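The values are calculated or read from the model by the stated rules, or taken from the named source; none is laboratory data. Since this is a predicted model, take the numbers as computed values, not measurements. Every residue, glycine among them, receives a Cβ derived from its backbone with ideal geometry; neighbour counts consider all protein chains shown.
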């Protein structure tokens, strides 16, 4: 007898809104459908009403975790349309921030995965260590998330001596801890029992369903944009692309742990080779000549793509974003079939789903009952008033 | 849950699950195919039956000679391609310690326009190197499809192919057999009287974009899911937001729009305006009107 099990869009076990419908025969899943669209915010449409520089900040807010991903991807696309190239400092900064973000995202997922398989001690260990990288991000950019680092033509902040020191101090600790996590992933019976042979995705299927990122690399597909279509300063940075032929959830998690080491390597390279002099940005004009461009970026979850079409004005004609989770959903539907119902959380978790990235449009009606809603003008007024006080001003 | 809900769900999930389930069965049944390299097919014009005049025979001979040359060319190009691929692999190994290929020679045409009045100018080809594989693929496509395709190379790793919607499947099939088998996404653009669909294929480190134009009054095109199963969601997204109809799609449900969204309203089209909501929405609508008139009080300064 087959039973239908609906899960979500609002469910205590889910971190983000998505609707899964499973058909189970006893304990075994026979069918799976994923419905998305519960987080659609109309960002692609909203890009058309903003100029390119404002669009960068909107791109940052596509996702809370991969904010520099979408931001950099759009900035380098607009730069290519303009025909300018960012200075070396900016390119290195993009790599440095991108890798720091990858570390923070991978650690976040490994923690969540440990939690999903009921290994809460490891979850707490990993999230404690994640604070180190969050401190680095805050020291460099001033924010823990949504860093606002990029602008058309370069970046907005230089790397300070304090930040360099913090990075050099933190990286050895992170490396040591990550080695321990790799040891756990390879030897700990709890970890192996919950992940080995779970959510199988053969290489052939991964290719046919167009999987990307660690999901594809865990199935032996060599897909790393940093290697195959290098951007920013990646052509000069020595690192290895990680591929695992395990094809299961364990392989996907191991790919992420091994990628952490590569990220540390890249971060160290960026800081060691930081130019002593030079600009962090070049001046760019506001009007972008008509044309179209494809910009790619290796996000923590896989390949991110921006298609930008300009019409000669200061606003884009059309911007199309494809975030990596969208590409991995068909593969996820395949992975769950034939597995146990109890293995679902880790199978779904191992692709690191992120639905803010995936859904991007919806009109929100305001409902203000107890909450005070600040309008745009009020906020500006508040900000001006706040900064009139000299004590609140930021020292430069 | 009521039984109604269950039956609804049953209906909704039949199509896609079949798709995935079938794939699993197929995979078990069929052994993995060996890599089929595209070999030159004999020219069809040479194998025409029936009586021919002497003139025709002469022409035929010429064509045969031409065909021979063509085959030679193709073989040569195949060798070239392998060479270039090897070189690229070597490059990527060497790249680890070498500087980025900034000093690569600049010879090919079709670079992105360089704008004046900007501090630092970029020669795109200088940054990304000279296109090699791109030229080979261009030649292959033009030989295979002739005037049906319009190929342009903007820079290294970027190829744009414009074709008619009838030829889309043959072009994509040809590209897939040639190794460009990963579909990154499908973008839909509103050009006013026409819609444009862009299929971003990926392989051999290159982004190959196939471009198709559809008339606005009848935006219909055959689905690509029979060739690439991963295209399902991108096609559904375009159906929702741009109103392009993909014929014979296995699962033509809504993807991002909610169930109570009105039929035939597609928000990414240029003529769509958001409905006015009370309160904040009224203010925005007013400012939008002002913006049209060109007065002050623009929403986004």
Of the residues in region A:25-84, those that are closer than 16 Å to residue A:324 by Cα, assigned to a loop (DSSP other than H, G, I, E, B) and touching a strand residue (DSSP E or B) at 6+ places or on another chain (Cβ under 7 Å) come to A:40, A:62, A:66
Residues of region A:185-243 being part of a loop (DSSP other than H, G, I, E, B) and at positive phi, which ones? A:197, A:199, A:210, A:220, A:232
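Which of the residues spanning region A:161-192 are within 15 Å of residue A:350 (Cα to Cα) and surrounded by fewer than 20 Cβ atoms within 10 Å (Cβ to Cβ)?
Our first condition is that a residue be within 15 Å of residue A:350 (Cα to Cα); within region A:161-192, this holds for A:185, A:191-192.
Within region A:161-192, just A:192 meets the criteria.
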Restricting to region B:176-215, what's the tally of residues that are out of contact with any strand residue (DSSP E or B) (no Cβ under 9 Å at 6 or more places or on another chain) and either in a strand (DSSP E or B) or closer than 27 Å to residue A:216 by Cα (or both)? 3
Could you list, in sequence order, all residues of region B:198-224 that are within 11 Å of another protein chain (Cβ to nearest Cβ) and in contact (Cβ under 8 Å) with a residue 40 or more places away in the chain? B:204, B:205, B:206, B:207, B:208, B:209, B:211
On the basis of being at pLDDT 90 or above, out of contact with any strand residue (DSSP E or B) (no Cβ under 7 Å at 6 or more places or on another chain) and either closer than 24 Å to residue B:267 by Cα or more than 8 Å from every other protein chain (Cβ to nearest Cβ) (or both), does residue B:236 make the cut? yes
Could you please give the count of residues in region A:130-147 that are farther than 13 Å from residue A:102 by Cα and in contact (Cβ under 8 Å) with a residue 40 or more places away in the chain? 5
Determine which single condition residue A:314 fails, assuming it passes every other condition in (1) touching a helix residue (DSSP H, G or I) at 6+ places or on another chain (Cβ under 6 Å); (2) modelled with pLDDT of 65 or more; (3) within 13 Å of chain B (Cβ to nearest Cβ). (1)
Residue A:290 meets each of (1) away from chain B (no Cβ under 11 Å); (2) surrounded by fewer than 22 Cβ atoms within 10 Å (Cβ to Cβ); (3) more than 28 Å from residue A:122 (Cα to Cα) with one exception, condition (1)
Take the residues in region A:145-155 that are in a loop (DSSP other than H, G, I, E, B) and in contact with a strand residue (DSSP E or B) (Cβ under 7 Å, 6 or more places away or on another chain), then tell me which one is surrounded by the most Cβ atoms within 10 Å (Cβ to Cβ). A:149
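Find the residue count for region B:141-164, including only residues that are within 14 Å of chain A (Cβ to nearest Cβ) and surrounded by 19 or more Cβ atoms within 10 Å (Cβ to Cβ). Spell out the reasoning first.
Going through region B:141-164, the residues within 14 Å of chain A (Cβ to nearest Cβ) turn out to be B:152-162.
Then drop every residue that is not surrounded by 19 or more Cβ atoms within 10 Å (Cβ to Cβ), which leaves B:153-159, B:161.
Summing the residues that are within 14 Å of chain A (Cβ to nearest Cβ) and surrounded by 19 or more Cβ atoms within 10 Å (Cβ to Cβ) in region B:141-164 gives 8.
Quickly run through region B:239-257 and pick out the residues that are free of Cβ contacts under 8 Å to residues at least 24 places away in the same chain and either part of a helix (DSSP H, G or I) or within 10 Å of chain A (Cβ to nearest Cβ) (or both).
Looking only at region B:239-257, we keep the residues that are free of Cβ contacts under 8 Å to residues at least 24 places away in the same chain, and these are B:239, B:252, B:254-257.
Of everything in region B:239-257, those that are free of Cβ contacts under 8 Å to residues at least 24 places away in the same chain and either part of a helix (DSSP H, G or I) or within 10 Å of chain A (Cβ to nearest Cβ) (or both) turn out to be B:239, B:254, B:255, B:256, B:257.
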Going through (1) under 23 Å from the mean Cα position of the chain (by Cα); (2) closer than 18 Å to residue A:250 by Cα one by one, residue A:163 fails only at (2)
Would you mind telling me which numbered condition in (1) out of contact with any helix residue (DSSP H, G or I) (no Cβ under 9 Å at 6 or more places or on another chain); (2) within 18 Å of residue A:36 (Cα to Cα); (3) at pLDDT below 90 residue B:254 fails? (1)
Being over 23 Å from residue A:230 (Cα atoms), outside any loop (DSSP other than H, G, I, E, B) and either in contact with a strand residue (DSSP E or B) (Cβ under 6 Å, 6 or more places away or on another chain) or modelled with pLDDT under 90 (or both) is the filter here; which residues of region B:142-175 pass it? B:142, B:143, B:144, B:145, B:146, B:147, B:148, B:150, B:151, B:162, B:168, B:171
Extreme residue, surrounded by the fewest Cβ atoms within 10 Å (Cβ to Cβ), among residues of region B:260-288 that are touching a residue at least 60 places away in the same chain (Cβ under 8 Å) and within 9 Å of chain A (Cβ to nearest Cβ): B:270
Out of all the residues in region A:168-183, is one or more within 18 Å of residue A:243 (Cβ to Cβ) and either within 14 Å of another protein chain (Cβ to nearest Cβ) or in a helix (DSSP H, G or I) (or both)? yes
Given the conditions (1) assigned to a helix (DSSP H, G or I); (2) over 30 Å from residue A:75 (Cβ atoms), and given that residue A:102 satisfies all but one, which numbered condition is not satisfied? (2)
Out of region A:9-57, which residues are free of Cβ contacts under 8 Å to residues at least 60 places away in the same chain, under 27 Å from residue A:147 (Cα atoms) and facing chain B (nearest Cβ under 9 Å)? A:54
